[in-house]
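S.K.: One structure is given below, represented as structure tokens, and several questions about it will come after.
The values are calculated or read from the model by the stated rules, or taken from the named source; none is laboratory data. What you see is a predicted model; the values in this text were computed from it and never measured. Cβ: placed from backbone, ideal geometry, glycine included. Neighbour counts: every protein chain shown.
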Amino acid sequence: MTPVQNKSLLGHLAGFCCYLIFGFNIVACREISISSLVPPLSLFCFRSLGAAILFWLVSIGKREKVESKDLIKIFGASMLGLFLTQMSFLVAIKMTTPMDTAVVASLTPIFTMFVAAIFIKEPITVKKVAGVVLSFCGVLYLIYNSVFASNGVASSSLLGIFLIVLNALFFSLYLGIFRPVIVKYSVVTFMKWMFTFSALIALPLDSIELFSLSYSDFSWKIILLVSGVVFFATFVAYLLVSYAQKQLRPTLVSMYSYVQPIVASCLSIYLGMDVLTWKKVVAALLVFVGVAIVNRSKSRE
């Protein structure tokens, strides 16, 4: 195996492991949100500050100069790929079931294809249009049967699903727009500045609430969940996705989002946080088949 093939293989492995962690993250953040002990912005502050500290510690002894113009781009990447993406997710997770969240988030590859069409001029074909229509029919079917269902545990709000759609859109834009600056610097250098900028924005907005949290009410379960989200779902996962971005095209990276619904659905059903119905299976199939059609559509080299 050549060095290039080896890096490509590692890139695929990083993408798979990243979205595997993101699948667990959906259930963990849902558990944290329903406890009402940690508001969305506070959890984002923990994630951004914790990851920033970890990336700066890892970067000790590995100095890499970042150009001033690129710091501005990294700031933009931080706002789009971290702040807007994570805040839309953390606000939505309390209003949607883990399974619905994961299925809707699987629209990421479709959004990424459109971003690629705009920024790297990939053509939009009839197959792509057909796939998009099919996937959105799946989302609409999911909305109709989840939002308007009255079956207790398996219910999602329209606002929650809309925020998850925005989450997928924001992350797709991040994957497509900022790849040039991502590949320019090492993973650790890029991530430490990404999380530093997001922490500098979030901390002033949430400083009062952070000091007023009832930390004494935190159970060991919540402490472990928050710690796991900070270390695994933030530090490790973003380290992996950044590495995958350096080795693979954005569309290939986003394809691994299919791992999320499998992990999140199985785990949430096992924990009793969600129920599997034939209507959800049909909705998921419509979304996945639509995305598959989009990604199998031939594009010019």
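S.K.: Could you check A244 against (1) surrounded by 14 or more Cβ atoms within 10 Å (Cβ to Cβ); (2) closer than 22 Å to M87 by Cα; (3) not charged (D, E, K, R) and say which number it fails?
M.R.: Unmet condition: (2).
S.K.: Do any residues in segment 193-213 that are over 30 Å from I182 (Cα atoms) and touching a residue at least 12 places away in the same chain (Cβ under 8 Å) have Cβ atoms under 9 Å from those of residues that are crowded, with 22+ Cβ neighbours inside 10 Å and β-branched (V, I, T), where the two are at least six apart or on different chains, and which pairs are they?
M.R.: Matching pairs, first to second residue: L213/V38.
S.K.: Name the single residue that is modelled with the highest pLDDT among those in segment 250-301 being outside any helix (DSSP H, G or I), surrounded by fewer than 18 Cβ atoms within 10 Å (Cβ to Cβ) and charged (D, E, K, R).
M.R.: K298
S.K.: Hey, another quick one. Kindly indicate the residue of segment 174-185 that is over 18 Å from G15 (Cβ atoms) and not β-branched (V, I, T) and also surrounded by the fewest Cβ atoms within 10 Å (Cβ to Cβ) among those meeting that condition. It would help to see each step written out before you state the result.
M.R.: Going residue by residue through segment 174-185, those that are over 18 Å from G15 (Cβ atoms) are 177, 180-181, 184-185.
Keeping just the survivors that are not β-branched (V, I, T) gives 180, 184-185.
Numbers: P180: 10, K184: 15, Y185: 20.
Ranking the qualifying residues of segment 174-185, first place goes to P180.
S.K.: Only one of S78, S68 is free of Cβ contacts under 8 Å to residues at least 40 places away in the same chain and of a type in the set (G, A, S). Can you tell me which?
M.R.: Working: S78 fails: free of Cβ contacts under 8 Å to residues at least 40 places away in the same chain.
Exactly one of S78, S68 is free of Cβ contacts under 8 Å to residues at least 40 places away in the same chain and of a type in the set (G, A, S), namely S68.
S.K.: When both residues are 6+ apart or on different chains and their Cβ atoms are under 9 Å apart, which pairs have a first residue that lies in segment 50-62 and is surrounded by 15 or more Cβ atoms within 10 Å (Cβ to Cβ), and a second that is of a type in the set (K, R) and part of a helix (DSSP H, G or I)?
M.R.: Sorted first by the residue in segment 50-62, then by its partner, the pairs are A51/K192; A52/K192; L54/K192; F55/K192; W56/K192; V58/K192; S59/K192.
S.K.: Shifting gears a bit: Only one of (1) within 30 Å of T277 (Cβ to Cβ); (2) assigned to a loop (DSSP other than H, G, I, E, B) is not met by V66, so which one is it?
M.R.: (1)
S.K.: Taking segment 193-214 on its own, how many of its residues are exposed (fewer than 11 other Cβ atoms within 10 Å of the Cβ) and aromatic (F, W, Y)?
M.R.: 1
S.K.: Quick check: anything in segment 115-122 in a loop (DSSP other than H, G, I, E, B), more than 22 Å from the chain's Cα centre (by Cα), at pLDDT below 70 and not basic (K, R)?
M.R.: yes
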